[in-house]
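The values are calculated or read from the model by the stated rules, or taken from the named source; none is laboratory data. Not measured: the values here are computed from a predicted model. Cβ atoms come from the backbone with ideal geometry, glycine included; neighbour counts cover every protein chain shown. The area values use the complete protein model at the heavy-atom level, side chains included, leaving out ligands, DNA and RNA. Shrake-Rupley method; radii C 1.70, N 1.55, O 1.52, S 1.80 Å.
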Amino acid sequence: MGRRAFVGAVAGALLALPLTIEAQQAGKVPRIGYLVQNSAETSQRTHAALREGLRERGWVEGQNIVIEVRYADGKIDRLPALVSELIRLKVDIIVTTSSGTTWAAKNATQSIPIVMAASANALGEGLVTSLAHPGENITGMTFLAGPEIAGKQLQLLKEVAPAASSVAVLTNPTNRSHAAFAKEVKVAARSLGAQVQVLEAPSPDQLDNAFAAMTKEHAAALLVLTDSMFVGQQQRVANLAARSRVPALYSQREFVDAGGLVSYGPSLVDMFRRAATHVDKILKGAKPGDIPVEQPTKFELVINIKAAKALGITIPKDMLLRADEVIK
């Protein structure tokens, strides 16, 4: 081959190389399974946060990544079938949105990486054996390292309702972290001179009964523990609390946006945005078991003044000053 012909051949090969790489990449667009316990309507903000986090790291849905979304609409018995569907689609990663969805994915696959966008207590529930070295195929975000936050939430609730000698705690008995949380609340209640009434609502159709039991026992305040089902029923729970005329403290600000009184806990939106970091690392070759599970670093105190006025409650001034946001 002459020199001119050789140079031409090399140049042609170099020009074709980007097209070849692009074609290879086009054939291997990562496919993310996104398993949601609740409905599309109640998950809009967190879904948008995940997409935003992925976009910040160069992953754009419809361009270089595909997201397969499956909603259980609050029906946890649908989760195994939805996970199986994602596995049949040969997704590269499954992003889960609650402890329940993570358990469904964990029980279905030990090979596909699982990223928890949110879990109540990943270590305490047994989803991982260590936060620093989760092992196996799971990593992501956990709401808490332990149930201690429940005691802090009760202290805040007592600031709002100092005369409350009886406090109800709304739990979901199917949530594996709630027994430890309720125990922590009882310990904190003893030092605060309050009695605790544990309410159980394993499904949305049991919420009315739980609130009726609270009213029957004359509870003077309510603490709603973190739970994906409760978040999916945020408007209904906030309405039931308002109708019962008890001051209530929630674990997510979404309840306060829905008309609830006070919330204290990490931002779900921030957690879902941060979960995109774990997805990015796995897509770039990291093993999920080597990526530490993260905890939120900031906890938000959000207060709804309108809800306080409706209940005839005056929020202490120092608490208003400590609040991250006051909704008027």
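Please go through segment 125-135 and give me each residue that is touching a Lys or Arg at 6+ places or on another chain (Cβ under 8 Å) and open to solvent by 10 Å² or more (accessible area, probe 1.4 Å), ordered by number.
Across segment 125-135, the qualifying residues are Glu125, Gly126.
Residue count for segment 209-254, restricted to those that are in a loop (DSSP other than H, G, I, E, B) and either in contact with a Ser or Thr (Cβ under 6 Å, 6 or more places away or on another chain) or closer than 19 Å to Leu154 by Cα (or both): 12. Taken together, Glu200, Glu254 contain a single residue that is within 12 Å of Val169 (Cβ to Cβ), of a type in the set (D, E, K, R) and open to solvent by 10 Å² or more (accessible area, probe 1.4 Å), which is Glu200. Can you say whether Pro202 is under 23 Å from Ala120 (Cα atoms) and in contact with a helix residue (DSSP H, G or I) (Cβ under 9 Å, 6 or more places away or on another chain), as far as the supplied structure shows? Yes: the conditions hold for Pro202. Of everything listed in (1) among the aliphatic types (A, V, I, L, M); (2) crowded, with 23+ Cβ neighbours inside 10 Å; (3) within 21 Å of Lys75 (Cβ to Cβ); (4) free of Cβ contacts under 8 Å to residues at least 60 places away in the same chain, the single unmet condition for Ala210 is (2).
The residue list Glu294, Glu325 contains one member that is touching a helix residue (DSSP H, G or I) at 6+ places or on another chain (Cβ under 9 Å), of a type in the set (Asp, Glu) and farther than 30 Å from Ile112 by Cα, which is Glu325. The residues of segment 168-195 that are crowded, with 19+ Cβ neighbours inside 10 Å and not in a helix (DSSP H, G or I), listed by number, are Ala168, Val169, Leu170, Thr171, Asn172, Asn175, Ser177, Ala194.
Take the conditions part of a loop (DSSP other than H, G, I, E, B), in contact (Cβ under 8 Å) with a residue 24 or more places away in the chain and either open to solvent by less than 60 Å² (accessible area, probe 1.4 Å) or out of contact with any Cys (no Cβ under 9 Å at 6 or more places or on another chain) (or both) and apply them to Ala163. Does it pass?
yes
Counted as qualifying within segment 264-328 are the helices (runs of 4 or more DSSP H) with 3 or more residues that are over 17 Å from Gln155 (Cα atoms), namely 268-283, 305-311.
Answer yes or no as to whether Ala241 is aliphatic (A, V, I, L, M) and surrounded by fewer than 17 Cβ atoms within 10 Å (Cβ to Cβ). When the stated conditions are applied, Ala241 does not pass them.
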